[in-house]
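Report on the structure given below.
Rule-based calculations on the coordinates, nothing more; no lab input. Since the model is a prediction, treat every value here as computed from it, not as a measurement. Ideal geometry is used to build each Cβ from the backbone, glycine not excepted, and the neighbour counts take in all protein chains shown.
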């Protein structure tokens with residue numbers, strides 16, 4: 001889970017400004033730790049290569065726990081990361097939400113809650129845009145990303161509640177029949193959180209603390225940032241890396257910038273967990289040994305495949321990706337792998353387990369995009385070490401991730417892919433109206449309200465090579481505080497065609513946009529490609545111009 005998934009990932013390639021201290025060994029870590037000198041050097045290299053200030057790792061190997069911190073929790077204070085440093089762990093929260101529902105399914109006090117129970121029978125306010133979907137979607141459908149609802153992640157920007165998010169679902173386009181296609185959807189896990197809170201009368205955080213976290217000794221784990229700060233716990237500062245930063249400026253962190261550490265209750269269930277590597281070791285130990293409080297039937301439901309995540313096999317895995325309930329299930333070198341990543345503004349995480357080996361590794365770090373790469377590199381180095389894979393036979397994670405990073409970068413070729421038939425600059429058709437005619441407030445019943453205006457003096461960091469020179473800027477209303485300004489740059493290309501460049505945290509994504517002009521010559525709508533599944537179909541989210 002991440003707040004601004006409309007902005008594509010950009011992992012930059014060089015950081016000389018930040019120096020990392022040596023790793024900080026947990027005092028209880030045995031001397032035969034897998035954190036040997038070779039692995040320590042690999043971690044230090046990954047911190048620099050992926051621009052991560054610090055990360056924490058815990059490992060379970062046949063019941064023995066190892067944990068270690070590397071780098072800095074906070075650059076400004078030079079606070080080192082330890083195994084007890086708290087990080088937001090993003091979508092690894094989903095496994096906890098699914099586990100919470102498994103407890104309700106097992107509880108005789110809730111006989112009406114079963115995996116095949118339709119959601120609307122438990123939440124009368126639950127509705128999707130098609131009544132057939134509303135009547136049929138079950139708890140399993142909700143948690144296995146097969147509801148037919150795509151991501152629509154922009155809703156998670158709203159400064160609101162889980163209840164309000166659920167109320168907005170009925171206004172969102174669906175993109176697949178029920179149970180026919182894997183479509184990752186954070187909003188369904190937000191719905192799950194609202195369901196748990198509605199039927200139990202407790203917040204999801206209270207329910208998890210009482211029934212899972214405290215019984216497992218995960219006493220530092222929670223959702224609420226301020227509560228952790230009030231307890232004087234070490235909460236890592238999140239960062240983002242902006243390759244466009246002027247390194248001659250006064251920024252003490254070079255191209256790294258601190259995020260606003262905020263708690264948005266509206267994304268509870270999909271993300272928000274604040275935890276440490278030490279606590280995740282306890283979580284993994286319970287999962288690997290299938291210990292209480294989750295029941296045997298609960299574990300079977302969580303770790304069984306319910307959806308085909310990808311119909312093709314992707315190197316280095318030897319099976320298609322499958323999805324359980326809050327877990328990705330794969331086969332790697334003949335071994336069953338259960339894993340899930342997490343991304344939340346300023347933070348990244350990964351949990352990987354080999355249940356048949358009794359092995360698990362959890363990694364938490366304080367730069368989201370960098371951790372997406374580093375966690376794969378380091379996590380599967382540990383897995384390959386466990387399996388005894390020769391160096392020359394190992395998958396090139398670094399090369400693959402760096403190549404993906406280059407593909408995500410916004411270039412002129414990106415705009416050409418959006419509009420491959422765009423004519424030469426001299427042949428572009430001017431905008432039908434002057435710039436001011438397009439400005440105003442545009443509303444959607446689910447998405448945040450969009451304000452479009454003429455642009456300030458700020459020059460765009462990314463722009464197409466061919467455009468008419470007409471540019472508009474936009475901003476959302478009523479959204480949560482973000483670590484950086486979320487920028488909307490609309491570039492008029494030709495006729496009725498526009499390119500929208502979204503910018504946040506040093507990342508940029510270009511999509512297609514279109515203004516509709518009424519027969520009276522007045523702009524009355526704007527359509528934007530805000531959702532990936534809809535984008536593949538050439539469909540847009542349409543906002544109506546507010547005339548009040």
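With respect to the conditions (1) within 30 Å of residue 139 (Cβ to Cβ); (2) touching a helix residue (DSSP H, G or I) at 6+ places or on another chain (Cβ under 7 Å); (3) assigned to a strand (DSSP E or B), residue 87 falls short on a single one, namely (2).
The single residue among 167, 176 that is farther than 24 Å from residue 92 by Cβ, touching a residue at least 40 places away in the same chain (Cβ under 8 Å) and surrounded by fewer than 17 Cβ atoms within 10 Å (Cβ to Cβ) turns out to be 176.
Being touching a strand residue (DSSP E or B) at 6+ places or on another chain (Cβ under 6 Å), in a loop (DSSP other than H, G, I, E, B), touching a residue at least 12 places away in the same chain (Cβ under 8 Å) and closer than 28 Å to residue 238 by Cβ is a condition met by no residue of the stretch 286-306. Among (1) under 16 Å from residue 545 (Cβ atoms); (2) surrounded by fewer than 16 Cβ atoms within 10 Å (Cβ to Cβ); (3) within 31 Å of the chain's Cα centre (by Cα), which single condition is residue 385 missing? If we test residue 385 against (1) under 16 Å from residue 545 (Cβ atoms); (2) surrounded by fewer than 16 Cβ atoms within 10 Å (Cβ to Cβ); (3) within 31 Å of the chain's Cα centre (by Cα), just (1) comes out false.
The number of residues in the stretch 104-127 being in contact (Cβ under 8 Å) with a residue 60 or more places away in the chain and farther than 14 Å from residue 166 by Cβ comes to 6.
Scanning the stretch 400-458 for residues that are outside any helix (DSSP H, G or I) and under 23 Å from the mean Cα position of the chain (by Cα), we see that the one that is farthest from residue 542 (Cα to Cα) is 409. Which condition number does residue 315 fail, the rest of (1) in contact with a helix residue (DSSP H, G or I) (Cβ under 9 Å, 6 or more places away or on another chain); (2) in a helix (DSSP H, G or I); (3) over 28 Å from residue 68 (Cα atoms) being met? So the condition that residue 315 fails would be (2). Of all residues assigned to the stretch 193-208, at least one qualifies as being part of a helix (DSSP H, G or I), out of contact with any strand residue (DSSP E or B) (no Cβ under 8 Å at 6 or more places or on another chain) and free of Cβ contacts under 8 Å to residues at least 60 places away in the same chain. Take the stretch 379-399 and flag every residue that is closer than 18 Å to residue 331 by Cα and not in a loop (DSSP other than H, G, I, E, B). Listed by number, the residues that qualify are 379, 380, 381, 382, 383, 384, 385, 386, 387, 393, 397.
Any idea which of 356, 339 is over 25 Å from residue 504 (Cα atoms), without any contact (Cβ under 8 Å) to a residue 60 or more places away in the chain and more than 24 Å from the chain's Cα centre (by Cα)? That would be 356, the only listed residue that is over 25 Å from residue 504 (Cα atoms), without any contact (Cβ under 8 Å) to a residue 60 or more places away in the chain and more than 24 Å from the chain's Cα centre (by Cα).
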